[in-house]
Amino acid sequence: MSRWLSKHALHIYGVLAFAYIFTPIAYVMVFSFNQPARSNLTWRGFTLENWTNPCGAPEVCSALGNSLKIGLASTLIATVLGTMVAFALARYRFRGRTPTNLLIFLPMATPEVVLAASLLTLFLNLRVPLGTATIVIAHVMFSISFVVVAVKARIASLDPRLEQAAQDLYANEFETFRRITLPLVAPGIAGAALLAFSLSFDDFIITNFVSGDVNTFPKFVYVSAQRGIPADAYVIGSAMFLLAMGLVLAAELFRWRRSRRL
Amino acid sequence: MTASRSDLRLTGLTKRFSGFTAVDGLDLTISQGEFFALLGPSGCGKTTTLRMIAGLEEPTGGSIHLGDLDVTEKKPYQRPVNTVFQNYALFPHLSVFENVAFGLRRRGVKDVKKQALEALDLVELGHLAQRRPAQLSGGQQQRIALARAVVNRPQVLLLDEPLGALDLKLRRQMQIELKRIQTEVGITFVHVTHDQEEAMTMADRVAVMNHGKIEQLGAPAELYEAPGTTFVANFLGQSNLVAVTRSGTDGQYTMVDVGGQKLRIRTDRCSSEGELLLGVRPEKIRLHSAADPVPSGLNQLTGGVVLDASYLGVSTQYLVRMPWGQNLTVFAQNLGIGERFSDGSAVQLAWEPDHSFGLAGDAGAGVESTLED
Ligand SMILES: Nc1ncnc2c1ncn2[C@@H]1O[C@H](COP(=O)(O)OP(=O)(O)OP(=O)(O)O)[C@@H](O)[C@H]1O
Ligand SMILES: [Mg+2]
């Protein structure tokens, strides 16, 4: 018995760990098929109705649309700006480089509520109307640090001789950047963009402070949690999860096919 | 000096890194189509010299000319020079074919495909065109790096210890292949190495570098038979260096004296004044028993005692203690004829006077730099 246990301990541990991680997700998936009612806490019977009509509950889809729109906009801005900052920090020696390197960590280290409160004060003092724009500004502000850190790490791991080899092979500065540097740093940029999107998409605290009356998906879920979350929210959650899994699988498949073709 | 159309000419080329001089006023002309080797111990400035020729390092002083063209200020991509980097520096995200085609595409060459495949065939790796660099062995990567540079038919190809990472067998094989490619395409090769055997077997001319300067330059046999400095004498193979005093001249020979014994050096292979060291290569010396007569006309040193005899297969290495306290090395080929000497035998040394060379300075100089390699 104890021999069996020692042989399979790792497997058991693995299964338990997975169960721990996936129980809430499985719960969301299962309850997305629950018969609709005002709240979605008890099992009433299987139905596909929520999936065929995910926008049934009022405001759920407009909140989702806002979240996607804000997520895409802030990801785009944060990724472009953050990548530029990362290149500047990694490649150029300028006055204030060391302090900049430290300051870039500040938004990561500051508690979110503090950031949120100070941003709100700032917007109110400057009389900026709260809404989609202020949310995007706030999201860009906190996700840009993550982009800088991720992209900078990737640039630092780049062998400088590759760029020198490209220049030796008649590529000027721009072509060296386009054909060698950028493609090699691209996985880091893509990873940073995904991170920025997911940070923006599920941010609640800062969004809640600076959004005015614009509704986002996390805000919608939070508010409806007070009176019972509609099953449609579960559908959207499950769909997001499946979409993410699908993308990861597709990427893996693509890599596998490419490596086999060679 | 009249340079032919695309000779590579370095004039007073200097590179200083914050106070430290890595390359010190290099003057050098490498002829078109020559296989030139830069040989020297680690840190003597070989890579820095190549990087300046390629344009990857900005010289502190001096100039670089290709034929009549001054390329000192030109960007790397504006020079008709390509480099095979020490660690290959293949582009990991591009296929082997695209790596080789890279330079052709940047220059807007028309039949990229044909030329790239030809270059791959030249290094016999045409069948691997679609692979990624990471899927190749070290030797294959090395050949791709070579193809990627050669395909551009540069005026000068710079090779920075391209065989450094290979094992001995592959190394020998690649040396032959490199030499074949150089003869086939006829471009100037500047080959950096700290393997003296590699430099000697491959190059038309060798420059021995030390502390950022060229100690001596010449054909391999010339450097070996008549080293000009103690550093070269000790860096290229082994040398016996004996401090001697001048005692006169005899025709084309300078007479010298060590411990009362007279020796001769050709005057034209002798520094003209000051302290003199007599040098002779270990394999040039014949050992004779102390009792035997030595043929006349040879340089002869008596009073030696064999300290150690090591059997090396093709030869035997003797360490002989001389009366003035110095140990000399002698290589004797194991021909199966002639006498073998055991430890403690009393011997005398003899060699052709023409095999001696005279150097300025003291015997210690240069030895320690050889050891640091
Ligand atoms: N960027 C740099 N900054 C400061 N010193 C440098 C730099 N590059 C090289 N050096 C110094 O210049 C000297 C010559 O370096 P170089 O790389 O040319 O040597 P090398 O002859 O190629 O040696 P090896 O055989 O080990 O490759 C070395 O002492 C090295 O420490
Ligand atoms: Mg080097």
Quiz item: Can you tell me which residue in the stretch B:159-172 is farthest from A:Asp168 (Cα to Cα), limited to those that are touching a residue at least 24 places away in the same chain (Cβ under 8 Å) and part of a helix (DSSP H, G or I)?
Solution: B:Leu170
Quiz item: Any idea which residue in the stretch A:151-166 is farthest from the other protein chains (Cβ to nearest Cβ), counting only those that are assigned to a helix (DSSP H, G or I) and open to solvent by 40 Å² or more (accessible area, probe 1.4 Å)?
Solution: A:Lys152
Quiz prompt | Residue list for the stretch B:237-250, filter: assigned to a loop (DSSP other than H, G, I, E, B) and either β-branched (Val, Ile, Thr) or surrounded by fewer than 23 Cβ atoms within 10 Å (Cβ to Cβ) (or both) | solution = B:Gly237, B:Gln238
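Criterion first (more than 11 Å from every other protein chain (Cβ to nearest Cβ) and not acidic (Asp, Glu)) does B:Leu117 satisfy it? Lay out the reasoning, then the answer.
Working: more than 11 Å from every other protein chain (Cβ to nearest Cβ): yes; not acidic (Asp, Glu): yes.
Taking the combined requirement at face value, the residue satisfies it.
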Quiz item: Are there any pairs with C-beta distances below 8 angstrom linking a residue in the stretch B:40-58 that is closer than 14 Å to B:Asp24 by Cα and more than 8 Å from ligand 1 (Cβ to nearest atom) to a residue that is open to solvent by 10 Å² or more (accessible area, probe 1.4 Å) and part of a loop (DSSP other than H, G, I, E, B), with the two at least 6 apart or on different chains, and if so which?
Solution: B:Met52/B:Glu58; B:Met52/B:Pro59
Quiz item: Going by the structure shown, is B:Ala134 at pLDDT 90 or above, more than 20 Å from B:Ala199 (Cβ to Cβ) and either open to solvent by 60 Å² or more (accessible area, probe 1.4 Å) or not small (Gly, Ala, Ser) (or both)?
Solution: yes
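Restricting attention to the stretch B:206-236, which residues are over 30 Å from B:Phe20 (Cβ atoms) and open to solvent by less than 50 Å² (accessible area, probe 1.4 Å)?
Within the stretch B:206-236, the first condition is being over 30 Å from B:Phe20 (Cβ atoms), and the residues that meet it are B:219-222, B:224-226.
Across the stretch B:206-236, the qualifying residues are B:Ala219, B:Pro220, B:Tyr224, B:Ala226.
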Practice problem: For B:Leu69, state whether it is within 11 Å of ligand 1 (Cβ to nearest atom) and either under 21 Å from B:Arg153 (Cα atoms) or within 14 Å of chain A (Cβ to nearest Cβ) (or both). | Solution: no
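Can you pull out every residue in the stretch B:43-56 that is touching a strand residue (DSSP E or B) at 6+ places or on another chain (Cβ under 7 Å) and within 12 Å of ligand 2 (Cβ to nearest atom)? So that I can check it myself, show each step before the final result.
The first filter runs over the stretch B:43-56 and keeps only residues touching a strand residue (DSSP E or B) at 6+ places or on another chain (Cβ under 7 Å), leaving B:44-50, B:52-54.
Matches in the stretch B:43-56: B:Cys44, B:Gly45, B:Lys46, B:Thr47, B:Thr48, B:Thr49, B:Leu50.
Can you tell me which residue within the stretch A:38-52, out of those that are assigned to a loop (DSSP other than H, G, I, E, B) and touching a residue at least 12 places away in the same chain (Cβ under 8 Å), is least open to solvent (accessible area, probe 1.4 Å)?
Step one: of the stretch A:38-52, the residues assigned to a loop (DSSP other than H, G, I, E, B) are A:38-45, A:47-48.
After this cut, where a residue has to be touching a residue at least 12 places away in the same chain (Cβ under 8 Å) as well, the list is A:38-41, A:43, A:47-48.
Values: A:Arg38: 182, A:Ser39: 36, A:Asn40: 5, A:Leu41: 125, A:Trp43: 123, A:Thr47: 21, A:Leu48: 97 Å².
For the stretch A:38-52, the residue satisfying everything is A:Asn40.
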Quiz prompt | Residues located in the stretch B:157-178, provided they are under 18 Å from the mean Cα position of the chain (by Cα), under 17 Å from B:Leu122 (Cβ atoms) and away from ligand 2 (no atom under 16 Å from the Cβ) | solution = B:Leu157, B:Met174, B:Gln175, B:Ile176, B:Leu178
Practice problem: Identify, from the list A:Ala225, A:Ala193, the residue that is open to solvent by 20 Å² or more (accessible area, probe 1.4 Å) and at pLDDT 90 or above. | Solution: A:Ala193
Quiz prompt | Where A:Pro129 falls short, out of the listed (1) more than 30 Å from A:Ala231 (Cβ to Cβ); (2) open to solvent by 40 Å² or more (accessible area, probe 1.4 Å); (3) assigned to a helix (DSSP H, G or I); (4) in contact (Cβ under 8 Å) with a residue 40 or more places away in the chain | solution = (3)
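Being closer than 19 Å to A:Arg258 by Cα and open to solvent by 50 Å² or more (accessible area, probe 1.4 Å) is the filter; apply it to the stretch B:72-103 and report the residue that is farthest from the other protein chains (Cβ to nearest Cβ).
Applying the first criterion (closer than 19 Å to A:Arg258 by Cα) to the stretch B:72-103 yields B:91-99.
Checking which are open to solvent by 50 Å² or more (accessible area, probe 1.4 Å) leaves us with B:92, B:98.
Working: B:Pro92: 7, B:Glu98: 10 Å.
For the stretch B:72-103, the residue satisfying everything is B:Glu98.
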Quiz prompt | For B:Arg106: the one exception among (1) buried (at least 23 other Cβ atoms within 10 Å of the Cβ); (2) within 12 Å of chain A (Cβ to nearest Cβ); (3) among the charged types (D, E, K, R) | solution = (1)
Exercise. Can you run down the residue pairs with Cβ atoms below 8 Å, 6 or more apart or on separate chains, where the first is in the stretch B:184-195 and in contact (Cβ under 8 Å) with a residue 12 or more places away in the chain and the partner is more than 10 Å from ligand 1 (Cβ to nearest atom) and hydroxyl-bearing (Ser, Thr, Tyr)?
Key: B:Thr188/B:Ser6; B:Thr188/B:Ser31
Exercise. Just give me the residues in the stretch B:6-21 being crowded, with 21+ Cβ neighbours inside 10 Å and within 15 Å of ligand 2 (Cβ to nearest atom), in sequence order.
Key: B:Lys15
Quiz item: Do any residues in the stretch A:191-210 that are touching a residue at least 60 places away in the same chain (Cβ under 8 Å) have Cβ atoms under 9 Å from those of residues that are surrounded by fewer than 18 Cβ atoms within 10 Å (Cβ to Cβ) and of a type in the set (Phe, Trp, Tyr), where the two are at least six apart or on different chains, and which pairs are they?
Solution: A:Asn208/A:Tyr222
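Can you find, within the stretch A:172-185, the residue that is farthest from A:Glu252 (Cα to Cα) among those that are surrounded by 14 or more Cβ atoms within 10 Å (Cβ to Cβ) and hydrophobic (A, V, I, L, M, F, W, C)? Spell out how you get there, then give the answer.
Applying the first criterion (surrounded by 14 or more Cβ atoms within 10 Å (Cβ to Cβ)) to the stretch A:172-185 yields A:172, A:175-177, A:179-181, A:183-185.
Then keep just the ones that are hydrophobic (A, V, I, L, M, F, W, C); that gives A:177, A:180, A:184-185.
Numbers: A:Phe177: 27, A:Ile180: 23, A:Leu184: 18, A:Val185: 19 Å.
Selected residue: A:Phe177.
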Quiz prompt | Among (1) open to solvent by 10 Å² or more (accessible area, probe 1.4 Å); (2) within 25 Å of the chain's Cα centre (by Cα), the one test that A:Thr134 misses | solution = (1)
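The values are calculated or read from the model by the stated rules, or taken from the named source; none is laboratory data. Keep in mind the model is a prediction, meaning the values are calculated, not measured. Cβ coordinates were reconstructed from backbone atoms using ideal geometry, including for glycine residues, and neighbour counts include every protein chain displayed. Only protein heavy atoms, including side chains, enter the accessible area calculation; ligands, DNA and RNA are left aside. Shrake-Rupley method; radii C 1.70, N 1.55, O 1.52, S 1.80 Å.
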